[in-house]
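**Student:** Could you have a look at this structure, given as structure tokens, before my questions?
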Amino acid sequence: MKKEELRNEVNKFVESNFFKNLLYIFGSIFILFFVFQAGMITGFKRASFSRDWGNNYEKNFGPIHKPFSFIRDGVGNLPNAHGAIGKIIKVEYPNIVVLDKDQTEKIVNINDQTNIIERKEKVGKEILNVGKYVIVIGSPNGAGQIEAKLIRIIPSPEEMPNQNTPVINNNKI
């Protein structure tokens, strides 16, 4: 009989409003923790890319002309760690260098898993030439470079018919 009484007491507790409210509270706390953790991970990756990009700048691009300063430039001006939009200024496979819209040079690594798209067709990496405009989406690596997952070739500013287009590298595209 004791087991039956205990089972009934547990069932009453599980069906009570107190238990349901307790589940809602713990569920809400879990969701808030998950969202906070996702924000922390995203911020950490962005800051890590900025640090790696800065630490490897001289190795990747040559001497530093104007160092980045958090006080002068602010945290909101950290380089985009997951992509670039701009003009290809150097091709040296497996890397290309893209002059991003914020006038930073970003090294983009290309591998066999990188999808390169022009219009609606998948093309090979040999089509990437100096002067082409691209949108790059990828992941940062420890050397301050972007591991490209997708490279979309876009028309140059001169090829765009609409004059009310966004500005990239002081050119309309």
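The values are calculated or read from the model by the stated rules, or taken from the named source; none is laboratory data. Because the structure is predicted, anything quoted here is derived from the model rather than measured. Virtual Cβ from ideal backbone geometry, glycine too; neighbours counted across all protein chains shown.
**Student:** Restricting region 82-119 to residues that are of a type outside the set (Val, Ile, Thr) and closer than 19 Å to LYS45 by Cβ, which is surrounded by the most Cβ atoms within 10 Å (Cβ to Cβ)?
**Tutor:** ALA84
**Student:** Take the residues of region 120-157 that are without any contact (Cβ under 8 Å) to a residue 24 or more places away in the chain and in contact with a strand residue (DSSP E or B) (Cβ under 8 Å, 6 or more places away or on another chain): which is surrounded by the most Cβ atoms within 10 Å (Cβ to Cβ)?
**Tutor:** Per the stated criteria, the residue is ILE154.
**Student:** Looking only at region 55-72, decide whether some residue is under 16 Å from the mean Cα position of the chain (by Cα), at pLDDT below 90, surrounded by 10 or more Cβ atoms within 10 Å (Cβ to Cβ) and within 30 Å of LEU128 (Cα to Cα).
**Tutor:** no
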